[in-house]
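What follows draws every value from the coordinates through simple rules; no lab data is involved. Please read all numbers here as calculations on a predicted model, not as lab measurements. Cβ: placed from backbone, ideal geometry, glycine included. Neighbour counts: every protein chain shown.
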Amino acid sequence: TYVTWDYRGFFASGTPKHQRRIAIPEHAHDAVEVLTAAGFAKADVMIGHSMGTAVAFETVLCYPEKVGVVIILNGFHGQVFHTSMQPLIRLPLFGDL
């Protein structure tokens with residue numbers, strides 16, 4: 001059995017009234033809420049891909065009793081929304097392109 005959900009503000013999920021409620025800590029909290037609503041006390045394995053790696057790490061840090069093993073696939077560096085929108089190239093004196 002596996003459990004999945006759409007992050008708040010993404011895909012079929014509703015958008016929160018305040019944009020600041022769309023962040024990694026909120027997604028981690030949602031992961032635990034969805035797990036509980038599905039009738040599970042703990043995830044034996046949590047898999048994070050891309051932005052999900054940050055959600056998986058945050059979930060384990062905030063709720064270590066809720067996750068057994070974490071598998072991380074194709075993560076990112078830095079802040080997820082910052083690094084996904086980084087410039088293609090940087091040129092001295094010209095700025096970001």
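For this structure, a couple of remarks:
- Difference of contour (0.36 nm per residue) and Cα-Cα distance, Val34 to Leu61: 8.0 nm
- Peptides ranked, highest mean first, by Cβ atoms within 10 Å: ranges 5-15, 39-49: 39-49, 5-15
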